[in-house]
Each structure stands twice: as structure tokens, then as C-alpha cells.
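First up is the structure itself, then whatever we jot down about it.
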Amino acid sequence: MAQLLESLSRWLVNPRTNPLAAWHMRTVAGRLKKYGLRYEDLYDPYYEMDIKEALARLPSEVVDARIQRLKRAMDLSMKHEYLPKELQAVQTPYKSYLSDMLALVSSMFFRTFHFIP
């Protein structure tokens, strides 16, 4: 029974096998492109300490680009506007810049607090 639930949960979140997951990813990508954001820009460093630490370890150019994207998105939102279509076409909402560092920081915190060598 546990194996069935595990395979069902993997199927539900996999956009290659589940058309609803693929539709959701396309919808989220479209909304992020309108404001020029990446998915990882939505992570809140004040909510999770792992994200805060991972952002602190990234190069300053990457963090500055993230801040600029967030500022531009807030400005566009306040003006009730979107990015021009030409700029929306070149946006990469699922291009990762934080996940590798976040995995490293999470594993370090896990080892530290669970005393694993």
C-alpha cells in the first residue's frame, strides 16, 4: 500500500506524466514571465533560515540580479503593467540559481543538528 501511495504521489507532481502538473507549470511560468521573475525568486529568506544562508553564500552578482528582478516585479505590479512581450519571450522562469547552494546548506544543517559525520 505504501508503495502504491508513493508511486501515485510521484505521478501527481511529475509534469511529464501528469497533464495537470504540466498545465500548472505552464501557467506559473506564464505568470512569472509577465513580471520577469524566476521561480526561486519567490522563496522568502525571512521565512526559512536555509534560504537566508544559501543566499548569503551565493556570489553578490547573483543576489543583486535577484533583488533587481524583485524590484522590477514590484514596480510593474504597482503600475498594473507587464513586461513587454519581447522581454517576456526571453525570460527563463525555471532556470535555477539557488537549488545547488540550498541543497548544500540543508545537508550541512541536517548533519549539524543530527550529529551525522
| request: Search the range 89-117 for residues that are assigned to a helix (DSSP H, G or I) and pair each with any residue that is at pLDDT 75 or above and basic (Lys, Arg) when their beta-carbon atoms are under 9 Å apart and the residues are at least 6 apart or on different chains. | output: ALA89/LYS33; MET101/ARG57; LEU104/ARG57; VAL105/ARG57
| Index of the failed condition, TYR46 passing every other in (1) in a loop (DSSP other than H, G, I, E, B); (2) in contact (Cβ under 8 Å) with a residue 12 or more places away in the chain | (2)
| query | Can you tell me which residues in the range 1-37 are out of contact with any Lys or Arg (no Cβ under 6 Å at 6 or more places or on another chain) and not in a helix (DSSP H, G or I)? | reply | MET1, ASN14, PRO15, ARG16, THR17, ASN18
| Looking at (1) surrounded by 15 or more Cβ atoms within 10 Å (Cβ to Cβ); (2) of a type in the set (Val, Ile, Thr); (3) modelled with pLDDT under 95, which is the one condition that is false for VAL63? | (3)
| Subset of the range 1-24 [surrounded by 14 or more Cβ atoms within 10 Å (Cβ to Cβ) and aliphatic (A, V, I, L, M)] | ALA21
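The values are calculated or read from the model by the stated rules, or taken from the named source; none is laboratory data. Quantities reported herein were computed from a predicted structural model and do not represent experimental measurements. No Cβ is skipped: glycine too gets one built from the backbone with ideal geometry, and neighbour counts run over all protein chains shown.
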